Amino acid sequence: MKFVSKFFLLSILLIPVLINAQDKSLLLNSPKSDVFMQGFYWNSPPGGIWWDSLKALSTRLSSAGFSSIWFPSSSKWAGGGLSMGYDPYDHYDFCDYNQKGSRETRFGSKTELKSAIDAFHDVGMQVFADAVVRHMMGGEQKVPYECRPLHNGNYIVPDSAYMLFQYPSGSGRFKKTAASFYPNSVNCWVDPLFVQTDPIFRFGEWLDHNKQSVKDSLIAWGNYLRNELGYDGFRLDAVKSINPAFMAQWINGSNPGGYAVAELWGSMSEIGNWLQVAKYQNGANVAMFDFPLRYFLRDMCNTTNGGFNMNNLDGAGLVNAGFSGFDVSTFLENHDFDRKGWDGTIDTGHDPVIYNKDLGYAYIMFAEGRPSVFFKDYIDFGLSGKIDTLIWIRQNFLGGEPPKERA
């Protein structure tokens, strides 16, 4: 079944023929734009075929001018071979162990993962890991919380939760107990993020970032992703629920010299305040996804009756609000807005751009900020030709080179 699925997926992707070593050398040294691709979508095809499918796209994306690609989360998850990677279980199981119902993840094996990363490096592209550092799911045993702080008399931590992570059939590394999670006997206080964050962002059990042992272990894991697997940078998941000072420590310890972009699904002020602490007070090299701009672009593209006021774009997004373009990553679509899976099922929160996507991509390609292209838009929805042209214009006429920090 794995062979059939691979054949089907690769055929619909229209993968170009293999190129020789000389052509790869040309791609390795060819100029690249600053544009990167989100290399997956929500409920991408299961069956362990995804790493190989991305590998087969490496030459095509490099020749189009993409400088980088963002891979889905690659550690073992509570959902095993069916999970999309946002329910982390064993940080150090990269398909080495048969646990949670599978050896491979949804996307493939460790060998296939490393081969895909190497393939992109061979053609001069970087690969970003999806780093989930706040919550955990799928513990082996339910154990009591070490403490139960109250919030305004009406928020009570449950008696117990699945917080024992010993990995008896797995890596055995970075084990966790109730002491590893918030709240605990050392940090038994009300974390405002825990009680104020929208419930959609608060699921699973939260690692206690205030404990030095947890900080050190997460930084060591980040270094493993960089040094052992070969990732070049990070997309940071759900930082709205993460103290930006801790996130800065993690970035500085795990990602020296690498690119990092953070997902904070919130208001302009929330994004700005988080960036101020992480980057300008604590020295982390991090950019922010431009969620405010994305909503404007959605309305512009989906308003097909001519009723959208284009003047609204003058003040739209982070750059127009005064953010440096070096601090911003722009996007039109991602896996949280387009929630339609490979099999046609649609999950809660589906809010895609449906019409005139070429207008949205034209805007972000011709604007400040580092653009991200959504996999389905480029491959499934037939926008690759237009996007390739926009990347070429950006690269050759608009100064769209990989970002460098201002002196």
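The values are calculated or read from the model by the stated rules, or taken from the named source; none is laboratory data. If you're wondering where the values come from, they're calculated on a predicted model, not measured in any experiment. Cβ sites come from the backbone with ideal geometry, for glycine too, and all protein chains shown count toward neighbours.
Things to note:
- All conditions but one from (1) surrounded by 18 or more Cβ atoms within 10 Å (Cβ to Cβ); (2) part of a loop (DSSP other than H, G, I, E, B) apply to Trp265; the one that does not is (1).
- Looking only at residues in the range 247-257 that are touching a residue at least 24 places away in the same chain (Cβ under 8 Å) and out of contact with any helix residue (DSSP H, G or I) (no Cβ under 7 Å at 6 or more places or on another chain), the one that is surrounded by the fewest Cβ atoms within 10 Å (Cβ to Cβ) is Gly257.
- Which numbered condition Leu229 fails, given (1) surrounded by fewer than 18 Cβ atoms within 10 Å (Cβ to Cβ); (2) more than 19 Å from Gln126 (Cβ to Cβ): (2)
- Any hit, the range 147-161, residues being in contact with a helix residue (DSSP H, G or I) (Cβ under 7 Å, 6 or more places away or on another chain) and of a type in the set (A, V, I, L, M, F, W, C): no
- Matching residues, the range 143-172, being more than 21 Å from Val186 (Cβ to Cβ) and either of a type in the set (Ser, Thr, Tyr) or loosely packed, with under 15 Cβ neighbours inside 10 Å (or both): Asn152, Gly153, Asn154, Tyr167, Pro168, Ser169, Ser171, Gly172
- Extreme residue, nearest to Arg173 (Cα to Cα), among residues of the range 90-127 that are acidic (Asp, Glu) and out of contact with any strand residue (DSSP E or B) (no Cβ under 9 Å at 6 or more places or on another chain): Glu104
- Applying the criterion of at least 2 residues that are in contact (Cβ under 8 Å) with a residue 60 or more places away in the chain, crowded, with 20+ Cβ neighbours inside 10 Å and not charged (D, E, K, R) to the helices (runs of 4 or more DSSP H) found wholly in the range 299-407 leaves 357-365, 375-378, 384-397.
- Pairs, first closer than 30 Å to Ile354 by Cα and modelled with pLDDT of 95 or more in the range 267-296, second of a type in the set (Asp, Glu) and not in a helix (DSSP H, G or I), C-beta under 6 Å, six or more apart: Phe289/Glu263
- Residue that is within 16 Å of Asp130 (Cβ to Cβ) and not aromatic (Phe, Trp, Tyr), where the choices are Gly266, Gly258: Gly258
- Test for Val286: is it among the aliphatic types (A, V, I, L, M) and closer than 19 Å to Gln38 by Cα: yes
- The residues listed here are Ile219, Ile200; of these, the one that is at pLDDT below 95 and either part of a loop (DSSP other than H, G, I, E, B) or under 18 Å from the mean Cα position of the chain (by Cα) (or both) is Ile200.
- Criterion (out of contact with any helix residue (DSSP H, G or I) (no Cβ under 9 Å at 6 or more places or on another chain), closer than 28 Å to Asn255 by Cβ and in contact (Cβ under 8 Å) with a residue 12 or more places away in the chain) met by exactly one of Ser217, Ser171, Ser180, Ser115: Ser171
- Checked against (1) at pLDDT 95 or above; (2) farther than 22 Å from Gly385 by Cα; (3) surrounded by fewer than 23 Cβ atoms within 10 Å (Cβ to Cβ), Ser25 passes all but a single condition, namely (1).
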